[in-house]
Structure formats: C-alpha cells, structure tokens
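Here's the structure, in structure tokens; my notes come after.
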Amino acid sequence: MKKIISLITVLVTLIFYTANLQAQEPGTDTTRMQWFGDAKLGIFIHWGIYAVNGISESWSFHNEQISYEDYMKQLNGFTAKNYNPAGWVKLIKESGAKYSVITSKHHDGVALWNSKYNKLNVVTKTPAGRDLLKPFVKKLRKANIKVGLYYSLLDWSDTNYPNFTRNSKRYDNNADTIRWQKFVESNIGQISELMDNYHPDLLWFDGGWEQSAGKWNAARIRKLLLEKNPEIIINSRLPGYGDYATPEQGLPVKRPKAKYWELCMTTNNSWGYQPNDKDYKSPYEIIRIFADVISMGGNLLLDIGPKADGTIPREQVHILKELGKWTKKHKKAIFATKAGIPPNYFEGPSTLSKDGKILYLFLTGKPNGPVMIKGLKNKVRSIWVVGNGTYLNHTIKLKAWWSKVPGIIFIDVPGNVIDKYITVLAVSLDKPVELYDYEQH
C-alpha cells in the first residue's frame, strides 16, 4: 500500500512539474505576459561611457572606426555628476510608459553596477564611482513602472570572449573550450547578479547573433531566470528562449506572427547620446508610428540617450512630454487594448477594448470630410471623441435590403474636435466586433 501511495505521489509531482514547465514555454504563459501585453509603451535607455565623446556605443571600436584604447579613455570622462534618477522616472511616467529598460551592460562590457565577475564597471573604473542601476530601479518601483534590464550576451572587452573587432579574433571557441567555458560562467554569473540585486520584471538580451543557443547555454539561462523570478519576461534575443519578438528600427507592414512583440526605436538615429545627430523624429511622427504599433497588437520601446553627466537632451525631453500629453488624453484607446481591425475595413490604425465592444479609430492627418468604416456587421450604439467627450453623428450608405453586405458607415468629424497630433474616435458596438468576410460571400 505504501508503495502505491509513493508511486501516486511521484506521478502527481511529475504531472505538476510538467504542467508548470509547459506554462513557462516561451511566449505561451498569458498570465505572466499579461502586463506586457497591456503596457503598450516602454522607454529604452542607452547610457554608458560612449556618451562622453558622443560616439556609437561599442560599435565604434568593434568596426575599427576608433581604437579600443581610445574608446576606453572615455572611462575617465563618465561622471554621472548630474544624474537624477527621480527626474528620469518622473519624465518616463509623464510619457505614459508602463515599463523602462536600461542598458546594464552593452557590448563594450562596461557594467553600470559593481560586478564581482568583471571589474570593468563604472563603480571602479569611472569618476561616477557608484552603482547607477540601484537608485533608478528603486524610483521605478516607487512609481509603479515595470523594471527592464538590457544585458549584452557578448562582451568584446572580456579577454575570455573569442570575438574582438570585426577583423580580429582572440581564439576559436570551438577549439579552446576551457577558455570559452570560463566566459560562459562569468556571463551567467553577471546575469545572476542582476537578478539577485535588482529583481527585474524583464530581461532584454542583445548580442545573441554571434553564437548559437547551445553555446550561450540559453536553456540554462532561461531556467535560471525563471527559478529566481517565475514572472520574469525575456525578449527574443536569448536565441530560441524568448517570450516576445523584438523588431528593431523597422515598423512592420503587417502584424508579426508572434503573439507578443515590441518595436524598439530611437528618437533620432542613435541609441546613445550623439550631439551631432540632430535628426530627431517629430512628436507627430513618433505618435503616428506608435498608433500603427498598437493597432497591430504590439508595444513601442522608445529610446533615449542621456549625456555622460546624466542629463537628458532637451530634444528628447520635449518628445517624451508631448507624447505624454497625447497618451494621457487617449489612454483608454491605448493601454490594455488589443489589436484593431484590418486596414481594408478602416484606412488607418485602430484598437479594440478587451471585450471587443469598443472600436477605437485613429484619424491620421486632419480629416477633410466624413470618416468611413466598411464591412462592420455590428450595430453602432454611439460614437464619441476620446479625451473630448463630444458625441458624433453617423450615417449608413449602400445598405441594400436584399444583401448581407453591411452598409458603409460615414462619421461626421467637426473641425473643433481635431487633436494637435492624432484624433481618436470611440465607436460603441452592440456586441463584440464582427466583420463581413467579402471573400466567403
């Protein structure tokens, strides 16, 4: 009898363990991913010694545009003397962002915390002389903003890492397995430090392209992260083991296949601070891109690059403040929504409330006449301007009594309700949205 009870106990434990593992498969645990799917907007921060000379982060020496020695001289100028974590978080909160991701260590290997696995960090090697992650993370938590940490899997400064510059290599990691294993253990050690010291909600990996998932020990890394925080979310750049896709600097023309995805994008053309890069996107351009992203069910991770002293360029401050005014006004059409209807039904971005009963239409440009919706099978209960409250009139045209094809809805939009950037309309429906499929009839 005891043997039977023991066997049952083992089987129950095995079933529970297997179910738990399945629940943690990349991108499948909807409970764990819920906050990320609802967040819609995050702020990316690239901050490191590359801001001293205002040059390309890590890539400037890797691509041999500058010598490694000259690149590292920037350590002496990284002061962070005007670093104000509370001010940073206040601005991030004002933008409407629900999470923020900061570069804990870029490809140059310079860590923003005092790592025992690598002495190349701002605490011991720069005038900043302190952990720069801890106060920022603390302020994010206080503001109820989710904490994300960027971490480069590759490290072009580590002498145990095989790759150095584009035309030079230290060794072949397939041949020198002992040296490579030393790097792997150090890498995993630093990841453990980040988890233990800062308890992030999200780990944003980068640099995974240089090695295979097996070489990185990606399965081991994912297991470690989930053991330390079962709620952790991991981006797709931990090869084969991420929870969501991360297109970079390119707006998808159609919705990505991944259930969860995030477009990371700069405010100008540079990730880190580069004073000569004045090609900033206008607030309208960023809001327009953002509208397209959420229309396809994605998130926008918008990047800023603080100066070496910790101040944020005024152009970036302006962008985040203007973005914040717009997101605050239209928050119900943005946050905790889902992807909208296809563009062949409405020519513009759109989102839907969670229950599908409110359709939000983003009017790009300034409408010169009524707005049109095609193929909507629902009855429209009411239409109003989001953040304004004005109710709008609508008419239905081309609805033949003998046809199942829905009529075309035209919505009158008076000039006095037009937003400075993008006007948003809310269309209340009688039930969850239903669209007519023209191909099946």
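The values are calculated or read from the model by the stated rules, or taken from the named source; none is laboratory data. Just so it is clear, the model here is predicted, and its values are computed rather than measured. We place every Cβ from the backbone using ideal geometry, glycine too, and count neighbours over all the protein chains shown.
Tabulated results
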{"read-out": "Within the range 188-201, tally of residues that are free of Cβ contacts under 8 Å to residues at least 40 places away in the same chain, closer than 20 Å to Y161 by Cα and not hydroxyl-bearing (S, T, Y)", "value": "1"}
{"read-out": "Residue check, P275 surrounded by fewer than 16 Cβ atoms within 10 Å (Cβ to Cβ), modelled with pLDDT of 95 or more and under 29 Å from K73 (Cβ atoms)", "value": "yes"}
{"read-out": "Some residue of the range 352-367 being on the phi > 0 side of the Ramachandran plot and either surrounded by 16 or more Cβ atoms within 10 Å (Cβ to Cβ) or of a type in the set (A, V, I, L, M) (or both)", "value": "no"}
{"read-out": "Residue among K404, K354, K321 that is at pLDDT 95 or above and either touching a Ser or Thr at 6+ places or on another chain (Cβ under 7 Å) or farther than 30 Å from A128 by Cβ (or both)", "value": "K354"}
{"read-out": "Qualifying position, being within 19 Å of G189 (Cα to Cα) and either crowded, with 21+ Cβ neighbours inside 10 Å or out of contact with any helix residue (DSSP H, G or I) (no Cβ under 8 Å at 6 or more places or on another chain) (or both), among E227, E210, E262", "value": "E227"}
{"read-out": "Index of the failed condition, S186 passing every other in (1) more than 28 Å from Q34 (Cα to Cα); (2) assigned to a loop (DSSP other than H, G, I, E, B)", "value": "(2)"}
{"read-out": "Sole residue being assigned to a helix (DSSP H, G or I), touching a residue at least 60 places away in the same chain (Cβ under 8 Å) and not basic (K, R), chosen from L226, L238", "value": "L226"}
{"read-out": "T31 being surrounded by fewer than 12 Cβ atoms within 10 Å (Cβ to Cβ) and either more than 22 Å from the chain's Cα centre (by Cα) or at pLDDT 95 or above (or both)", "value": "no"}
{"read-out": "Residues of the range 37-79 that turn out to be of a type in the set (S, T, N, Q) and assigned to a loop (DSSP other than H, G, I, E, B), as a count", "value": "6"}
{"read-out": "Single condition F346 does not satisfy, out of (1) of a type in the set (F, W, Y); (2) in the same structural domain as V101 (by TED's automatic domain parsing); (3) crowded, with 19+ Cβ neighbours inside 10 Å", "value": "(2)"}
{"read-out": "Checking E94 against (1) over 23 Å from L323 (Cβ atoms); (2) touching a helix residue (DSSP H, G or I) at 6+ places or on another chain (Cβ under 7 Å), the condition it does not meet", "value": "(1)"}
{"read-out": "All strands (runs of 3 or more DSSP E) inside the range 394-441 with 1 or more residues being β-branched (V, I, T) and within 32 Å of the chain's Cα centre (by Cα)", "value": "423-429"}
{"read-out": "Unique residue being closer than 23 Å to Q274 by Cβ, crowded, with 20+ Cβ neighbours inside 10 Å and touching a Lys or Arg at 6+ places or on another chain (Cβ under 9 Å) when the list is S58, S115, S100, S104", "value": "S100"}
{"read-out": "Positions within the range 305-358 being β-branched (V, I, T), assigned to a loop (DSSP other than H, G, I, E, B) and out of contact with any strand residue (DSSP E or B) (no Cβ under 8 Å at 6 or more places or on another chain), in sequence order", "value": "T311"}
{"read-out": "In the range 170-220, the residues that are over 18 Å from N121 (Cβ atoms) and of a type in the set (S, T, N, Q)", "value": "N173, N174, T177, Q181, Q211, S212, N217"}
{"read-out": "Selection within the range 122-149 - part of a strand (DSSP E or B) and surrounded by fewer than 24 Cβ atoms within 10 Å (Cβ to Cβ)", "value": "K146, V147"}
{"read-out": "Exclusive hit being among the aliphatic types (A, V, I, L, M) and surrounded by fewer than 17 Cβ atoms within 10 Å (Cβ to Cβ), set I233, I178, I221, I191", "value": "I178"}
{"read-out": "Among the candidates K125, K139, K98, K90, residue that is more than 27 Å from the chain's Cα centre (by Cα) and among the basic types (K, R)", "value": "K125"}
{"read-out": "Matching entry among D172, D131 (being assigned by TED's automatic domain parsing to the domain that holds G214, touching a Pro at 6+ places or on another chain (Cβ under 8 Å) and either at pLDDT 95 or above or not small (G, A, S) (or both))", "value": "D172"}
